[in-house]
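Colleague: Sharing a structure below in structure tokens format, with a few things to ask.
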2 protein chains.
Amino acid sequence: MSEESRRVALRVSYDGTNYSGWQRQENADSVQAQIEKALRALTGRTIGVTGASRTDAGVHALGQTVHFDNPSRIPAERFCYALNTRLPDDIRVTASRSVPEDFHARFSARGKTYRYLVNNSVHGTAMLRNFMAHEPRPLDAARMDAAAKAVIGEHDFAAFAAAGSVAKTTVREIWRADVKREGDVVELWVGGKSFLYNMVRILAGTLMYIGLGKLPPDCLKKALETGDRLDLGITAPARGLTLMEVYYDDHLW
Amino acid sequence: MSEESRRVALRVSYDGTNYSGWQRQENADSVQAQIEKALRALTGRTIGVTGASRTDAGVHALGQTVHFDNPSRIPAERFCYALNTRLPDDIRVTASRSVPEDFHARFSARGKTYRYLVNNSVHGTAMLRNFMAHEPRPLDAARMDAAAKAVIGEHDFAAFAAAGSVAKTTVREIWRADVKREGDVVELWVGGKSFLYNMVRILAGTLMYIGLGKLPPDCLKKALETGDRLDLGITAPARGLTLMEVYYDDHLW
């Protein structure tokens, strides 16, 4: 054990509907607290875990990445099996592996992809209601896709900074922003190096307004210039958002 | 009003997770009871509704069809809007229309399509756990698809009749039975004129055993000949099953 790294990475998927978000907090159930509780039940030790993305209440994940230091003799690749038997079924560890001692789920991340889903039928969806926003009026997905391209590249996203944000800089680099329609569902995919708090949901809400004709397609370009939140649309509901993937220098999973 | 039919058809979608099934029963919450409650709130009258398929607890629907007689002056096509504001969000009425007085959601149905989903990844799915069964061992979908063809046509499905079934005949006509893999998900689609109670779930469970190599591919053919339930596999869990569509002589929706 002494020569090997004790750091373990987990790939975690969750339905965020019934959680106050990723981050542990008093008097509320979080995904982080559930994983730490399962680790304590498994190892008998108190272990803090760190997630790549501090997803909000109601936000989901397919590829959240988490790290912790293993105080036990349990092999890294066994944690996915051992934790799943101790986790509620709305949280699944889909892989686990040993990583170098200096790996950090958040600080080592090179980028992330998020997906935002909108059900665009008149009456909405019963079965997938927790995983999509609902907009009954027709969205012009082609118009949204064209407008979305304005955010690609390195920009000052000050207009997207939620009130109370403590980010040192509001400059962020976005690689992709694509909108497409699949039947009744309008999908937004956004990839970038890092994101401001609520940035994807503000982008999704603004694109929905653009898709409805309530905001002009160039409002995103304008907001990047002015830095004015008022040039943008609403913050779209949390339930439509899913953290799809976190990227690292090495292909982890 | 006097010359027009008072009969109204609803197209209903639901997440069956939190219901005891379609059918109204004492001391348990059903989809039927919820719709009748919403109709009572809307019209002030007690109205019984009839569904095409009496789906079990935990079974979902995208295209359940329902009929009732409208005692009010509310136009048939307004019921979807008016009911949705009074229904819980795991039940949505996606369309409503006037139908002839002799239309009956169950007896007029010419056929139905069901879909059964299995998550076939080692650790399962957190987000879609209520809509799929989980089988961690690899399923051979091509083998399942080939075996499924045995049920196509008119056969005596006595082997598929759940214990306590009260069907007059166990002869049923199946039009399609297709299995395909989409990434981690194995999908079974079954269409037919009518179905015995639990028949699709017994078919799904048997095909899963065939896909695992626990039952020979010709066990379906054999069971149709012997009528012996023991030639088949388990009844697959309710949560994987969704009623997709009900067909009528006229194209209703």
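The values are calculated or read from the model by the stated rules, or taken from the named source; none is laboratory data. Since the model is a prediction, treat every value here as computed from it, not as a measurement. As a convention, Cβ positions derive from the backbone with ideal geometry for all residues, glycine included, and neighbour counts pool all protein chains shown. The area values use the complete protein model at the heavy-atom level, side chains included, leaving out ligands, DNA and RNA. Shrake-Rupley method; radii C 1.70, N 1.55, O 1.52, S 1.80 Å.
Colleague: Within 10 Å of each Cβ in A:86-98, how many Cβ atoms from other chains are there, averaged over the peptide?
Modeller: Details: counts 0, 1, 1, 6, 4, 1, 10, 2, 7, 2, 1, 0, 0.
Rounded to a whole number, the mean comes out at 3.
Colleague: Something else now. Taking the Cα centre of segment B:29-146 as origin, sum charge times position over the Cβ atoms of Lys and Arg (+1) and Asp and Glu (-1), and report the length of that vector in debye to the nearest 20.
Modeller: Values: 16 positive and 12 negative charges, 39 e Å.
Dipole of segment B:29-146, to the nearest 20 debye: 180 debye.
Colleague: Looking at segment B:126-197, which trypsin sites (Lys or Arg not before Pro) are DSSP coil and have at most 15 other C-beta atoms within 10 Å of their C-beta?
Modeller: Numbers: sites: B:ARG129, B:ARG143, B:LYS149, B:LYS168, B:ARG172, B:ARG176, B:LYS180, B:ARG181, B:LYS193; in loops: B:LYS168, B:LYS193.
Of the trypsin sites (Lys or Arg not before Pro), the ones in loops of segment B:126-197 whose Cβ has at most 15 other Cβ atoms within 10 Å are B:LYS168, B:LYS193.
Colleague: Right, another one. Note the full-extension length gain between A:LYS168 and A:SER121 as 0.36 nm times their separation in residues minus their Cα-Cα distance, in nm to one decimal.
Modeller: Working: separation 47, 0.36 × 47 = 16.92 nm, distance 4.03 nm.
Stretched fully, the A:LYS168-A:SER121 segment lengthens by 12.9 nm.
Colleague: Okay, moving on. For segment A:1-110, which chymotrypsin sites (Phe, Trp or Tyr not before Pro) are both in a DSSP coil and crowded by at most 14 other Cβ atoms within 10 Å? Write out the running numbers ahead of the final one.
Modeller: Working: sites: A:TYR14, A:TYR19, A:TRP22, A:PHE68, A:PHE79, A:TYR81, A:PHE103, A:PHE107; in loops: A:TYR19, A:TRP22, A:PHE103, A:PHE107.
Answer by residue number: A:PHE107.
Colleague: Give me, ordered by chain and number, the residues 5 or more places off B:GLY111 or on other chains with an amide H under 5 Å from its own placed amide H.
Modeller: B:TYR247
Colleague: Viscosity 1.567 mPa s, temperature 4 °C: Stokes-Einstein D of segment A:154-201 from its Kirkwood Cα radius, in µm² per second?
Modeller: Working: Rh = 11.9 Å.
Value of D from the Cα-based Kirkwood radius: 109 µm²/s.
Colleague: At a Förster radius of 41 Å, what calculated FRET efficiency corresponds to the Cβ-Cβ distance of B:ALA41 and B:LYS149, to the nearest 0.05? List each step's numbers first, then the result.
Modeller: Details: r = 48 Å, r/R0 = 1.16.
Rounded to the nearest 0.05, the efficiency is 0.30.
Colleague: Something else about it: Over all distinct Cα pairs, what is the inverse of the mean 1/r for segment A:17-76, reported as the Kirkwood hydrodynamic radius in Å?
Modeller: Details: mean 1/r = 0.0821 Å⁻¹.
It works out to 12.2 Å.
Colleague: Please report the projected area of segment B:70-146's Cα convex hull averaged over all directions, in nm². Spell out each step's value before the answer.
Modeller: Values: hull surface 34.4 nm².
Mean projected area of the Cα convex hull: 8.6 nm².
Colleague: How many Å³ per residue does the convex hull of the Cα positions in the protein assembly as shown occupy? Write out the running numbers ahead of the final one.
Modeller: Working: hull volume 94.1 nm³, N = 506.
It comes to 186 Å³ per residue, whole-number rounded.
Colleague: Through the Karplus equation 6.51 cos²θ - 1.76 cosθ + 1.60, θ set to phi - 60°, convert the phi angles of segment A:167-181 into ³J(HN,Hα) values in whole Hz; use x for Gly and Pro.
Modeller: For segment A:167-181, the Karplus-derived couplings read 4, 5, 10, 9, 7, 9, 10, 10, 9, 8, 8, 10, 10, 9, 9 Hz, x marking Gly and Pro.
Colleague: Hey, another quick one. B:PRO138 label points, 7 Å along Cα→Cβ, one per copy: pairwise distances from this copy to the rest in nm, shortest first?
Modeller: Copy-to-copy label distances for B:PRO138: 4.7 nm.
Colleague: Let me ask something else about it. What nm distance separates the two modelled labels at B:ARG86 and A:ALA28, each placed 7 Å from Cα along Cα→Cβ?
Modeller: With each label placed 7 Å out from Cα toward Cβ, I get 3.5 nm.
Colleague: Further question: Give the separation of the Cα centroids, segment A:179-253 to segment A:69-122, in Å.
Modeller: Centre-to-centre distance over Cα atoms comes out at 24 Å.
Colleague: Using a 7 Å offset from Cα along Cα-Cβ at A:PHE107, what residues in segment A:55-96 end up with backbone N under 15 Å from the label point?
Modeller: Only A:67-69 pass the distance filter.
Colleague: Next up: Along the charge dipole of segment B:169-253, which of B:ILE174, B:ILE234, B:VAL186 sits closest to the positive end, that is, farthest toward it, with unit charges on the beta carbon of Lys, Arg, Asp and Glu (+1, +1, -1, -1)?
Modeller: B:ILE234
Colleague: For the pair A and B, how large is the buried accessible area, both sides, in square angstrom to the nearest 100, if the probe is 1.4 Å?
Modeller: On the way: alone 12260 and 12270 Å², together 22700 Å².
For chain A against chain B, roughly 1800 Å² becomes buried.
Colleague: Follow-up question, since we're still on this one. Under the √(5λ) rule applied to the eigenvalues of the Cα gyration tensor, what semi-axes describe the equivalent ellipsoid of chain B? Give them in Å, descending. Show your work: numbers first, answer last.
Modeller: Values: eigenvalues 244, 81, 44 Å².
The three semi-axes for chain B are 35, 20, 15 Å.
Colleague: Okay, moving on. What are the distances, in nm and sorted shortest first, from the label point of B:GLU173 to the label points of the same position in each other copy, with each label point placed 7 Å from Cα along the Cα-to-Cβ direction?
Modeller: Listed shortest first, these distances are 6.4 nm.
Colleague: For segment B:121-178, what is the charge dipole size about the Cα centre, in debye to the nearest 20, if Lys and Arg each add +1 at the Cβ and Asp and Glu each add -1 at the Cβ?
Modeller: The dipole of segment B:121-178 has a size of about 140 debye.
Colleague: For segment B:136-253, what is the charge dipole size about the Cα centre, in debye to the nearest 20, if Lys and Arg each add +1 at the Cβ and Asp and Glu each add -1 at the Cβ?
Modeller: Values: 15 positive and 16 negative charges, 80 e Å.
That gives a dipole near 380 debye.
Colleague: If each label sits 7 angstrom from Cα along the C-beta direction, how far apart, in nm, is A:TYR81 from its counterparts in the other copies?
Modeller: Taking the point 7 Å beyond Cα along Cα→Cβ, the inter-copy spacings are 5.7 nm.
Colleague: Using just the C-alpha positions of segment A:66-203 as equal point scatterers, what log10 of I(q)/I(0) does the Debye formula give at each q in 0.19, 0.20 1/Å?
Modeller: -1.13, -1.15
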